[in-house]
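> Below is one structure. I have some questions about it.
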Amino acid sequence: MAESYAAQVPGLLEHLKTLVPAELLDLFGGEAEALGLVDFAARAVKTGDTAPAFTLPDQTGRKVSLEESLTQGPVVLAFYRGEWCPYCNLQLRSYQQSLDEFRSLGAQLIAISPQTPDHSLSTAEKNELEFSVLSDEGNATARAFGLLFEVDEAMRETYLQVGSDPLAYNGGDSRSWELPAPATYVINPDGKIVFAQVHGDYRRRTEPAEIIQALR
């Protein structure tokens, strides 16, 4: 059985301690806790809602639409922040480990971030992902799902200090400091959302086991 996301977080934290000064890790921890107090779920689309339609390019440049994807069965849709976020990479690898089980239940997995297609390709290659990684440049789809927040100005320099630069990954447009709160949805073929989970604290993510339970 694949190891849970949560079980892998302590190892990630120990690794980050070797790369990032303790005072900066403390700042990120404070930011994550503050975001965890924001009720993103209240303003995002919910279970029972119809999922907003989208058509976005994947890591190879192929256009992927939700409507067409749903003709093949349910869709597991995961919004993540970007390749520069270690928690996002851990989440995506965790989902890759459960991909066969998702598929055995008739579902396909789609991940979305505001990154450019080139960075989506890098994310897919680095994490050996075998599912679609879509580019939502300008965050139009994340906005439609009600997930957006803007990185606090006081934290932006901290992001840059550790090489986590959304401006570079997201194409450098005026909205590049807007990011999606991590969120995972299971969408039925009729377009209805049957599972929705949004995390303000970006260290927390939906477990593959929760997705599998929703699909069943």
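> Considering the range 81-133, what Rg and Dmax in Å follow from its alpha-carbon atoms?
10.8, 31
> Further, regarding this structure: Using DSSP to call loops (not H, G, I, E or B), can you name the trypsin sites (Lys or Arg not before Pro) in the range 36-113 whose Cβ has at most 12 other Cβ atoms within 10 angstrom?
Counting only loop positions with at most 12 other Cβ atoms within 10 Å, the trypsin sites (Lys or Arg not before Pro) in the range 36-113 are Arg62.
> Let me ask something else about it. Compute, for Asp118, the solvent-accessible surface of its heavy atoms (probe 1.4 Å) with the complete set of protein chains present, and express it in square angstrom to the nearest 10.
Taking all protein chains as shown, Asp118 has close to 120 Å².
> Report in % the part of the accessible area of the range 84-128 that belongs to carbon and sulfur, leaving out ligands and nucleic acids; probe 1.4 Å.
Heavy-atom surface of the range 84-128 belonging to carbon and sulfur, 1.4 Å probe: 45 percent.
> Identify which of Leu37, Leu56, Leu25 has the largest mean-square fluctuation in a Gaussian network model of the chain, with springs joining Cα atoms closer than 10 Å.
Leu37
> With both partners inside the chain, how many of the DSSP beta bridges are antiparallel, as a percent to the nearest 5? Provide the component values of the computation, followed by the final result.
Values: 17 of 26 bridges.
In the chain, approximately 65 percent of DSSP beta bridges are antiparallel ones.
> Further question on the same structure: Using a 1.4 Å probe on the protein chains only, how many percent of the accessible area of the range 19-81 belongs to carbon and sulfur?
Carbon and sulfur together cover 56 percent of it.
> Roll a 1.4 Å probe over the protein chains and send me the accessible area per residue for the chain in Å².
Dividing the accessible area of the chain by its residue count gives 45 Å².
> Right, something else. Quickly estimate the mean residue ellipticity at 222 nm for the chain, helices only: each DSSP H run with n ≥ 4 gives -39500 (n - 2.57), and the total goes over all residues, rounded to 500.
Theoretical 222 nm ellipticity from helices: -11500 deg cm²/dmol.
> Under 15 Å between alpha carbons, and skipping anything fewer than 8 positions from Lys63 in its own chain: which aspartates and glutamates qualify?
List returned: Asp118, Asp136, Glu137.
> Which value results for Rg/Rh of the range 86-181 when Rg is the Cα radius of gyration and Rh the Kirkwood radius based on the inverse mean 1/r?
1.00
> What are the ³J(HN,Hα) values, in whole Hz, obtained from phi via the Karplus relation 6.51 cos²θ - 1.76 cosθ + 1.60 with θ = phi - 60°, for each residue of the range 69-74 in sequence order, with x given for Gly and Pro?
4, 6, 5, 9, x, x
> Could you tell me the ratio Rg/Rh of the range 1-85? Both radii from Cα atoms, Rh via Kirkwood.
Using only Cα positions, Rg/Rh for the range 1-85 is 1.06.
> Also: Which whole-Hz ³J(HN,Hα) couplings does the range 140-147 yield from phi under the Karplus relation 6.51 cos²θ - 1.76 cosθ + 1.60, θ = phi - 60°, glycine and proline marked x?
3J(HN,Hα) across the range 140-147, in whole Hz: 4, 6, 4, 5, 4, 7, x, 10.
> Here's a follow-up. Pairs of alpha-carbon atoms within less than 8 angstrom and 6+ residues apart define the contacts here; what relative contact order does the chain have, in percent? It would help to have the intermediate numbers written out before the result.
Numbers: 384 pairs, mean separation 66.5, N = 216.
Here the relative contact order equals 31 percent.
The values are calculated or read from the model by the stated rules, or taken from the named source; none is laboratory data. This structure is a prediction, so every number in the text was calculated from the model and none was measured. In this analysis, Cβ positions are derived from the backbone assuming ideal geometry, glycine residues included, and neighbour counts consider all displayed protein chains. For the accessible areas, the whole protein counts, side chains as well, though only heavy atoms, and no ligand, DNA or RNA atoms are used. Shrake-Rupley method; radii C 1.70, N 1.55, O 1.52, S 1.80 Å.
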